[in-house]
Each structure stands twice: as C-alpha cells, then as structure tokens.
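Have a look at the structure below before the remarks.
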Amino acid sequence: MGRRRRRLPSRAAMARLAVASALAILIAAAVEILRPHGSPSTPSRTAAPPFRSARVAFVADGDTVRTEEGEWIRYLGIDAPERGDPLADEATRRNEALVLDRPIRIREGVTPADGYGRTVAWIYRKDETEDPISVNERLIVEGLAWVSLHADNLEDTERLIRAQGEAIAARRGIWAEPPEAAPYYLSSRFRFHRPNCPSVREIPDPERHADRWEPLRQGKAPCRECRP
C-alpha cells in the first residue's frame with residue numbers, strides 16, 4: 001500500500017491563523033498595559049508598616065530618649081519639665097521605668113523630625129499589644145508632662161488633651177500646686193501667657209482667658225518664659 005500524502009493547509013487557512021495569532025498578541029499586550037498596579041502577576045511594593053521597632057538605651061528626660069542605634073526620639077505632642085523645674089527628676093525616672101532597656105514601637109508623626117534632627121513620634125511599649133496607650137499619653141495622664149502641640153503634628157492629639165483634662169481634674173503631678181494666678185491670660189494658637197509676657201507682643205490677635213484652665217482645656221501649652 002502506498003504512503004498517504006499529507007495534506008497542507010490552504011493559503012486562506014494560513015492567513016486566518018496568522019490573523020488570529022496577531023490578535024492574541026495584541027489582546028495580551030492590552031491586558032498587561034491595563035492591569036492594575038500590584039496585581040498578583042506583577043511584583044508590587046510592600047507598603048511601609050505604621051510602626052517600627054527599637055530598644056531604648058538612654059533616657060535624657062521626661063520626653064526624649066535615645067535608641068541603641070543612636071536615634072534620638074522626641075515624644076510627639078507633649079512637653080515634660082526640664083532639668084531644674086519641679087518634678088523634672090520624677091518625669092525622667094518615670095520615663096526610665098517605662099522604656100529604658102525595653103523594646104519599643106515607634107510611630108512617626110506627619111513631620112517626622114524636629115529642628116534638632118530628632119525623630120518626633122508616638123512611643124509604645126512593645127510588650128503591651130492589646131489596646132496600648134502611648135508612653136506620650138501615659139506621662140500626660142500621670143501629670144508628668146503637659147500637652148504641647150505644633151501645626152505640623154496634630155494627628156491623634158485629642159487623646160492627649162482628654163488625658164490632660166483628667167490629670168488636671170485629679171490634681172496629679174505638675175497640676176497639684178498651680179502657680180500664682182494672673183488677672184487674665186492671653187494666648188496664640190498653641191501657647192498661652194501672662195499678660196506682661198514679652199512674647200505677647202508677637203501675637204497679632206491674642207485670645208483672652210479669665211483663668212489658666214481654659215487654654216489648658218484647649219490643648220494650649222504654658223509659656224516656658226512667663227510660666228502662667
């Protein structure tokens with residue numbers, strides 16, 4: 001029996017095959033162009049986590065620490081008594097008890113550094129993972145710091161203002177013995193002053209307060225110069 005001759009495709013069939021192949025290539029290219037960024041078939045960049053970890057090696061005072069890597073961190077939204085001020089040593093010791101030689105979690109502010117190059121952040125103890133409050137807030141609640149806000153870092157500061165109100169009501173720490181009262185007080189957006197404070201001259205339209213508690217309830221910090 002003779003071998004059967006293989007039948008070749010017609011020119012029309014070959015043309016149709018070529019068109020179908022070209023269409024398939026074009027469709028694949030279009031799908032790839034229109035594919036959303038980060039889909040499983042393309043490598044996507046992992047978003048930076050909101051927290052990072054470190055260990056505190058040194059506590060400078062009630063609101064500033066240094067990590068083992070040498071990073072200086074200034075607690076966001078608060079100001080603690082400085083050396084020589086009443087309760088400065090107590091604030092430092094309490095900060096040491098909370099974070100020194102401990103692992104912490106760091107959440108940077110919108111503006112992550114201050115004018116001295118220090119990281120500005122919320123600090124959390126790493127061993128407290130269930131609904132932790134920040135060390136920033138804890139120091140406020142205990143009356144060892146006051147709220148100190150800045151226009152470039154205002155996120156989540158309502159918690160600090162509420163915590164300060166609690167500390168004031170309980171007369172804890174720095175709120176136990178208020179300074180001598182002034183006849184009234186004047187404030188800018190974030191600070192309040194005695195009426196004779198030189199800084200008042202730099203405030204275009206100061207707000208007037210009958211007592212010091214009103215600006216404190218608004219989250220305004222006392223001036224370090226006139227100490228209202």
Report summary line: Per the filter on the range 159-170, residues more than 17 Å from P132 (Cβ to Cβ) and in contact (Cβ under 8 Å) with a residue 24 or more places away in the chain are I161, Q164, G165, E166, A167, I168, A170
Report summary line: Going through the range 113-162 in order, the residues found to be closer than 16 Å to W72 by Cβ and of a type in the set (D, E) are D114
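Results for (1) touching a strand residue (DSSP E or B) at 6+ places or on another chain (Cβ under 9 Å); (2) among the acidic types (D, E), shown as yes or no for each residue.
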| position | (1), (2) |
| --- | --- |
| D101 | yes, yes |
| A113 | yes, no |
| V135 | yes, no |
| V141 | no, no |
Query - Some residue of the range 150-157 being over 28 Å from R227 (Cα atoms) and either under 16 Å from the mean Cα position of the chain (by Cα) or in contact (Cβ under 8 Å) with a residue 60 or more places away in the chain (or both) - result: no
Report task. Might you let me know whether the range 97-109 holds any residue that is closer than 27 Å to P178 by Cβ and in contact (Cβ under 8 Å) with a residue 12 or more places away in the chain? Result -> yes
**Report entry** Number of the condition not met by L144 [criteria: (1) surrounded by 20 or more Cβ atoms within 10 Å (Cβ to Cβ); (2) outside the structural domain of P86 (by TED's automatic domain parsing)]
**Finding:** (2)
Report task. Go through the range 177-228 and give me each residue that's among the β-branched types (V, I, T) and out of contact with any Leu (no Cβ under 8 Å at 6 or more places or on another chain). Result -> none
Query raised in the report: So which residues in the range 164-191 are in a helix (DSSP H, G or I) and within 15 Å of A91 (Cβ to Cβ), if there are any at all?
Result: Q164, A167, G173, I174, W175
Query raised in the report: If you check every pair at least six apart or on different chains, which have Cβ atoms under 6 Å apart with a residue in the range 195-222 that is in contact (Cβ under 8 Å) with a residue 40 or more places away in the chain first and a residue that is of a type in the set (V, I, T) second?
Result: G219/V147; G219/I161
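The values are calculated or read from the model by the stated rules, or taken from the named source; none is laboratory data. Owing to the predicted nature of the structure, the values given are computational and were not obtained by experimental measurement. Cβ sites come from the backbone with ideal geometry, for glycine too, and all protein chains shown count toward neighbours.
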